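Trainee: Structure below; questions to follow.
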Amino acid sequence: MIKKIFFIASLVIALNTKLFGQGYQLAVLKYNGGGDYYANPTALPNLISFCNDNLGTSINEKVPYVEVGSADLFQFPFIHMTGHGNVVFSQIEAENLRSYLIGGGFLHIDDNYGMDEFIRIELKKVFPDNQLIELPFNHKIFHQKYDFNGLPKIHEHDGKRPQAFGIIIDGRLVCLYTYETDLSDGWENPEVHNDSEKKRAQALKMGANILMFAFMQ
């Protein structure tokens with residue numbers, strides 16, 4: 001318990017420092033249920049490299065996987081989650097994730113097509129009294145270093161408009177859920193999806209805005 005409190009305190013300091021990202025490490029969330037949590041392995045390292053080059057950050061480019069129910073979760077100020085399929089959080093995992101987010105952590109979930117129907121149910125376990133709300137185009141997350149009129153559309157999928165949803169606790173965005181955009185596909189190495197340079201640039205710039213907002217809000 002003392003160890004967890006220490007980690008929470010460290011997260012609060014990390015997320016409020018003006019030295020945004022210096023020496024920090026980000027992680028990818030490992031979850032149960034059969035979904036491919038390991039999808040897009042080059043995505044977050046490429047985004048970190050882009051931020052280090054363009055935002056002046058010095059984030060560690062090594063990206064570990066961290067389990068939802070692990071105390072290790074509290075070592076990382078920013079957690080990325082993606083996949084195409086089923087997601088299941090146990091009650092203990094949901095409580096651990098809730099403690100992490102309330103304590104100062106930030107979770108970005110990017111639906112890699114097929115996660116939506118599952119993640120919405122699991123997020124209710126984490127925050128049963130808080131709804132996912134759509135973020136308007138004037139939200140600050142779209143207007144950090146780079147200006148966007150909402151999320152860029154990287155892959156078509158069902159042809160729906162891209163949407164950014166969030167869970168806000170005590171005035172702080174603790175969880176961002178990006179839907180029908182496939183941002184993390186756009187962060188991957190160019191040969192993986194053969195996205196145009198324009199699409200990849202849009203994805204990386206929006207990703208940089210997300211990281212910047214998460215650390216500076």
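We did not get these values from a lab; they are worked out from the coordinates using the rules stated. This is a predicted model, so every value here is computed, not measured. Because the Cβ atoms are built from the backbone with ideal geometry, glycine has one as well, and the counts that use them run over all protein chains shown.
Trainee: Find the all-direction average of the projected area of the Cα convex hull for region 2-216, expressing the result in square nanometres with one decimal place.
Mentor: Numbers: hull surface 43.2 nm².
Over all viewing directions, region 2-216 projects a mean Cα-hull area of 10.8 nm².
Trainee: Could you derive backbone 3J(HN,Hα) for region 24-39 from the dihedral phi with the Karplus parameters 6.51, -1.76 and 1.60 (θ = phi - 60°), listing whole Hz in sequence and x where the residue is Gly or Pro?
Mentor: Running phi through 6.51 cos²θ - 1.76 cosθ + 1.60 with θ = phi - 60° gives 8, 10, 9, 9, 9, 7, 9, 10, 9, x, x, x, 8, 4, 8, 4 Hz.
Trainee: Could I ask something else about it? How many angstrom lie between the C-alpha centres of region 51-109 and region 118-165?
Mentor: Centre-to-centre (Cα) distance: 17 Å.
Trainee: Short version: ³J(HN,Hα) in whole Hz for each residue of region 136-142, in order, from phi by Karplus 6.51 cos²θ - 1.76 cosθ + 1.60 (θ = phi - 60°), x for Gly and Pro, what are they?
Mentor: x, 5, 8, 5, 4, 5, 8
Trainee: Another question, then. Please list, ordered by chain and number, the residues whose modelled amide H lies under 5 Å from the amide H of Asn112; skip anything fewer than 5 residues away on the same chain.
Mentor: Gly83
Trainee: Right, something else. So how much slack lies between Asn194 and Gln25, counting 0.36 nm per residue of separation and subtracting their Cα-Cα distance, in nm?
Mentor: 58.0 nm
Trainee: Normalized C-alpha radius of gyration of region 80-163, against 2.2 N^0.38 Å? Display every interim value, and only then the final one.
Mentor: On the way: Rg = 14.4 Å, N = 84, 2.2 N^0.38 = 11.8 Å.
Cα-based Rg divided by the globular estimate yields 1.21.
Trainee: May I ask you to order 65-74, 130-139 by the average number of other C-beta atoms within 10 Å around their residues, highest value first? Walk me through the numbers before you get to the answer.
Mentor: Details: 65-74: 18.2, 130-139: 13.7.
Top to bottom by mean Cβ count within 10 Å: 65-74, 130-139.
Trainee: Listed highest first by mean packing, meaning other Cβ atoms within 10 Å per residue, what order do 87-100, 145-158 come in? Each step should come with its number before you reach the end.
Mentor: Numbers: 87-100: 18.3, 145-158: 15.4.
The most tightly packed comes first, giving 87-100, 145-158.
Trainee: Still on this structure: Express as a percent, rounded to the nearest 5, the fraction of DSSP beta bridges in the chain (both residues included) that run antiparallel. Don't jump to the answer; show the numbers that get you there.
Mentor: Values: 11 of 27 bridges.
Among the beta bridges of the chain, antiparallel pairing accounts for roughly 40 percent.
Trainee: Follow-up. Taking only DSSP H segments of four or more residues, each worth -39500 (n - 2.57), what value at 222 nm results for the chain once the sum is divided by all its residues, to the nearest 500 deg cm²/dmol? List each step's numbers first, then the result.
Mentor: Values: 7 runs with 79 residues, N = 217.
Value at 222 nm, helices only: -11000 deg cm²/dmol.
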